[in-house]
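One structure below.
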Amino acid sequence: MAELLDFQARVVSRSQVLDHGLSGNAVSRRAKSGNWQRLQRGTYATFSGVPPREACLWAAVLRAGPGAVLSHETAAEVHGLADKPSKVIHVTVAANLDPARYGKIPGVVIHRSRRVVRQELPPWQLPRTPVAETVLDLVAASASFDDAYAWVSRATGRRLVSAGMIKEAMAARKRMRWREWLTDALDDVAGGVMFPLELRYVRDVERAHGLPAARRQARRELAGGVRYLDNFYDAYRLCVELDGRSSHPPEQKWQDADRDNDNLFAGDVQTLRFGARDVTVRRCARAGQLAAALMRRGWDGAGLRACGARCQVTACNSPGSAEVPRILRSS
């Protein structure tokens, strides 16, 4: 019993207590005296005072019953994928369990699944879904693909999981929201695309308009030390940096300026900086400007194309011509 309590942050369920030889009356006496406190129905903290977060999580899992695991935002919290506690505790249970078994649990959201995957952990760690499964659960619950990709990029950027592990977990699911987009996005992650802003740049600016493929997160040794460039067109000495709060927070402004200067002085590398509007509502105009910059530095324009009927970019040159693309006003 003492070992069990140590494992579970001093939290225990009534059934566990009875299994270890303590009577129901003994549990009631401890709760009435204030030595123990009830956290959930049939779940007790064997101490007084404010319970810590870990104790609350154990209480939720024990209340949900055998086989229950922390999932979604709460699993992300425990894995270090989320930076703050989830507002409610998310727990996943098997779909074939009778809902009346656990009913409504205060402060807890119950997810029912035909396929509950539990990370293999020692008994003193909170049961949870593996990182890859957690990411896919969060992807499925996201309001937009940008939000979904943010979870993928955060998990891979923090080296909690690889793109290959997420792909493997996705293959085991019969139903998966945004499966085709997510498959392509995971290929981009493996290629160095780290943030939602970078994904939009690659997909909607570069590929959609037939621009050359840049090298992602390109490592360069400059006077100021080793620098990593978001998108580096080596052959044309051109760099495109993407400025968003997730990838370039405000406090990094002067570091970015130093890097741009080092790039210029070290090898005549021109840097263009795009923000969120540049890769969304202004993507066609920015694609045309980027194409012009690349052509001035030697690109022949082969493959340049409009991304749709209303696209602002049109190639007024043939491959090999010295002319640059024309930017048209949208109708």
- Item | Cβ-Cβ under 7 Å pairs, at least 6 apart or on other chains, segment 222-250 side surrounded by fewer than 17 Cβ atoms within 10 Å (Cβ to Cβ), far side among the acidic types (Asp, Glu) and modelled with pLDDT of 60 or more | 237/268
- segment 24-42, subset within 44 Å of the chain's Cα centre (by Cα) and of a type in the set (S, T, N, Q), residue least open to solvent (accessible area, probe 1.4 Å): 40
- Message: Cβ contacts < 8 Å: first residue under 19 Å from residue 280 (Cβ atoms), restricted to segment 298-309; second residue open to solvent by less than 60 Å² (accessible area, probe 1.4 Å) and at pLDDT 90 or above, any location; separation 6+ or different chain. Result?
- Response: 306/209; 306/284; 307/204; 307/208; 307/209; 307/284; 307/287
- Pick out the one residue from 133, 120, 168 that is surrounded by 18 or more Cβ atoms within 10 Å (Cβ to Cβ), among the charged types (D, E, K, R) and at pLDDT 90 or above. 133
- The condition of being in contact with a strand residue (DSSP E or B) (Cβ under 9 Å, 6 or more places away or on another chain), among the hydrophobic types (A, V, I, L, M, F, W, C), closer than 27 Å to residue 114 by Cβ and buried (at least 17 other Cβ atoms within 10 Å of the Cβ) holds, among 60, 45, 82, 55, only for 60
- Message: Given the criteria out of contact with any Ser or Thr (no Cβ under 8 Å at 6 or more places or on another chain), touching a residue at least 60 places away in the same chain (Cβ under 8 Å) and open to solvent by less than 50 Å² (accessible area, probe 1.4 Å), does residue 208 qualify?
- Response: yes
- Of all residues in segment 85-99, which are open to solvent by 50 Å² or more (accessible area, probe 1.4 Å) and either within 18 Å of residue 135 (Cα to Cα) or in a loop (DSSP other than H, G, I, E, B) (or both)? 85, 87, 88, 96, 98
- Please verify whether segment 139-149 includes one or more residues that are more than 18 Å from residue 72 (Cα to Cα) and without any contact (Cβ under 8 Å) to a residue 40 or more places away in the chain. no
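The values are calculated or read from the model by the stated rules, or taken from the named source; none is laboratory data. Just so it is clear, the structure is predicted and the values come from calculations on it, not from any experiment. Glycine gets a Cβ as well: all are built from the backbone with ideal geometry, and neighbour counts include every protein chain shown. Side chains are part of the model used for accessible areas, which takes the heavy atoms of the whole protein and leaves out ligands, DNA and RNA. Shrake-Rupley method; radii C 1.70, N 1.55, O 1.52, S 1.80 Å.
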